[in-house]
Amino acid sequence: MTRTASAFWLNESGNGELRRVELAEPGPDEVVVRALFSGVSRGTETLVHRGGVPENQYAVMRAPFQEGEFPWPVKYGYLNVGVVEHGPERLRGRTVFCLYPHQTRYVVPETAVTVVPDGVPAARAVLAGTVETAVNAVWDARPLIGDRIAVVGGGMVGSSIAAVLARFPGARVELVDADPAREEVASRLGVGFALPDNALGDCDLVFHASATEPGLTTALNLLAPEGAVVELSWYGDRRIAVPLGEFFHSKRLTIRSSQVGVVGRPDRSYAERLALALDLLADERFDALITGHSAFEELPDVMPKLADGTLPALCHRIDYGREHVPD
């Protein structure tokens, strides 16, 4: 078994590198996974990239298998799909999803991997962590049949929510974004699209995922009386203004947070939520969320471009086509 691997580390703002790592000897309840694909969750990972995690959120923002401490140096990420090379017979050779950073091989407890269903391509399964966030948001929101729903912010999380809701019975679902290019994504997902000034109002529910003040204002303005905004945006160390004047009180509006760290249903476990997200990924429409890909070796050059918007993306997939271990 190969005892070395290569991992992506952030050293300082705008600077990442591939590092050689030595793999620990797997224990009796551990597996060795060879990575096939990982995904860059652009919103969260670029915030980490620029050092924007508030100090009082360091513990909350830790990824399950993060190494190092915020702000830097840190090995960060949580969308990894690979093949089990060593472990119990029931897992050997199976494609699995794991909340692991960008690394060519890794050793984790067998309980940390979830088998990817046969009907889900490995390249699409990198979306599982984000679709899991979307599932949790829908559980938090508890939409009803026939609801009028807007999703403000057509990034990776917002588009995942729109995809999950696309076939909700009788619902009117509209993706709202300031970028006209998101209309193509909405079309592929099977939902409506509008620029903020043209969005349909009188909404029962609005999911906000743009991480901008104008986006939150739009979300509140789209609500019908007694409506609710489900806030998924992560603002990091930025302070934002919330428009609580005008119609907020007279319409009896609600803003509630949704965060994937707590399961949105008391009768479901973390494992059940992730398994559901993977099952949903059998729908090929989710391919619309993977907007680019690069080789693992290119990641130090790709991450700054994702962070500054030079390389636009929803989910940018990292392909591990060959083993690479730096000298």
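Between amide H atoms placed 1.01 Å from N, distances below 5 Å from residue 105 occur with 6, 35, all of them 5 or more places distant or on a separate chain.
In what order do 100, 58, 106 fall by count of nearby beta-carbon atoms within 10 Å, going from fewest to most?
On the way: 100 25, 58 12, 106 22.
So the ranking, lowest neighbour count to highest, is 58, 106, 100.
Amide H contacts for residue 193 (H built 1.01 Å from N in the peptide plane; partners 5 or more residues away or on another chain; cut-off under 5 Å): 175. When the alpha-carbon atoms of region 130-257 are used, the pair Rg, Dmax equals 13.2, 39 angstrom. Residues whose amide H lies under 5 Å from that of residue 207, counting only those 5 or more places away or on a different chain, are 150, 151, 152, 230; hydrogens are built 1.01 Å from N in the peptide plane. A Cβ-based charge dipole, computed about the Cα centre of the chain with Lys and Arg at +1 and Asp and Glu at -1, lands at about 380 debye.
Restricting the trypsin sites (Lys or Arg not before Pro) of region 6-66 to loop positions (DSSP other than H, G, I, E, B) with no more than 10 neighbouring Cβ atoms within 10 Å leaves nothing.
Sorted ascending by nearby beta carbons within 10 Å, beginning with the fewest, 176, 126 become 126, 176. Sparsely packed loop sites in region 232-319 (the GluC sites (Glu not before Pro) outside DSSP H, G, I, E and B with at most 14 other Cβ atoms within 10 Å) comprise 246. Distance between the C-alpha centres of region 236-315 and region 176-235: 14 Å, rounded to the whole angstrom. Convex hull volume per residue, computed on the Cα atoms of the chain, equals 133 Å³. The separation of region 6-24 from region 132-154, counted between C-alpha centres, amounts to 36 Å.
Divided by 2.2 N^0.38 Å, where N counts the residues, the Cα radius of gyration of region 55-184 comes to 1.27. Do any trypsin sites (Lys or Arg not before Pro) in region 255-327 lie in a DSSP loop with no more than 11 other beta carbon atoms within 10 Å, and if so, which? Answer in residue order: 322.
Only the coordinates and a few stated rules stand behind these numbers; no lab work does. Every value quoted in this text rests on a predicted model; they were computed, and no experiment measured them. Note: ideal-geometry Cβ built from the backbone for every residue, glycine included; neighbour counts use all protein chains shown.
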